[in-house]
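Each remark here refers to the structure printed beneath this line.
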Amino acid sequence: MGENQALRRALGVAQRQLAEAESELREVQERVHNLRSVVYGLKQIFEPGDSVRSHEGRQADGAATPVSGTAVSASLSRRDAPSLSLRRAAQVLLDSGRPMRMQEIVDEWRRRGWVDPTWKAPKSAINMTYQRALRAGLVDRMPDRSWVASTPVYTDAGDEPRAGEGG
């Protein structure tokens, strides 16, 4: 009986610690979002039309490079790798190097051959993909409601998207 009670107490302590850590995480995510908005706004004042994203983490040829030593690289292990459609969502934004509106994104997906002709509402399907990518932390929304890549995403050569694959 004593061992069972000790385990229950340990569980209660761990649950409280988890709740506190999750609360701290939400606060930090909100702070990051607010700071990103401030930086975007200030950058637009001083450099109108310039990209809000830096070119850090990109090779000379413009390809995305892995970000080692970060939570992002750890979360992109094979087991936890984002789906092809989420990688596509982030890759379009990384390739553009600037925030994009949804219509521009849809046009780019069509240009790349990623929109399945059988989709009844491609814009809605792509928008839902970006909503999922937002929850996964791969993309973010700017105050003007445009989309921007959150972090560089590593894609293997074998993961190259092919035309006709669903998103």
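A few points about this structure:
- Total residues in segment 131-145, condition touching a Leu at 6+ places or on another chain (Cβ under 9 Å) and not in a loop (DSSP other than H, G, I, E, B): 5
- Check on Arg31, part of a helix (DSSP H, G or I), at pLDDT 90 or above and surrounded by 10 or more Cβ atoms within 10 Å (Cβ to Cβ): no
- Test: Ser96 is surrounded by fewer than 19 Cβ atoms within 10 Å (Cβ to Cβ) and either at pLDDT below 70 or basic (Lys, Arg) (or both): no
- Selected residue (only one of Arg135, Arg88 is at pLDDT 85 or above, within 14 Å of Ser150 (Cα to Cα), assigned by TED's automatic domain parsing to the domain that holds Ser150 and loosely packed, with under 11 Cβ neighbours inside 10 Å): Arg135
- Failed item, numbered, when Asp80 is tested on (1) of a type in the set (D, E, K, R); (2) modelled with pLDDT of 85 or more; (3) more than 19 Å from Arg36 (Cβ to Cβ): (2)
The values are calculated or read from the model by the stated rules, or taken from the named source; none is laboratory data. Since the structure is predicted, the reported quantities are computational estimates derived from the model, not experimental observations. Note that we place each Cβ from the backbone using ideal geometry, even for glycine, and neighbour counts take in every protein chain shown.
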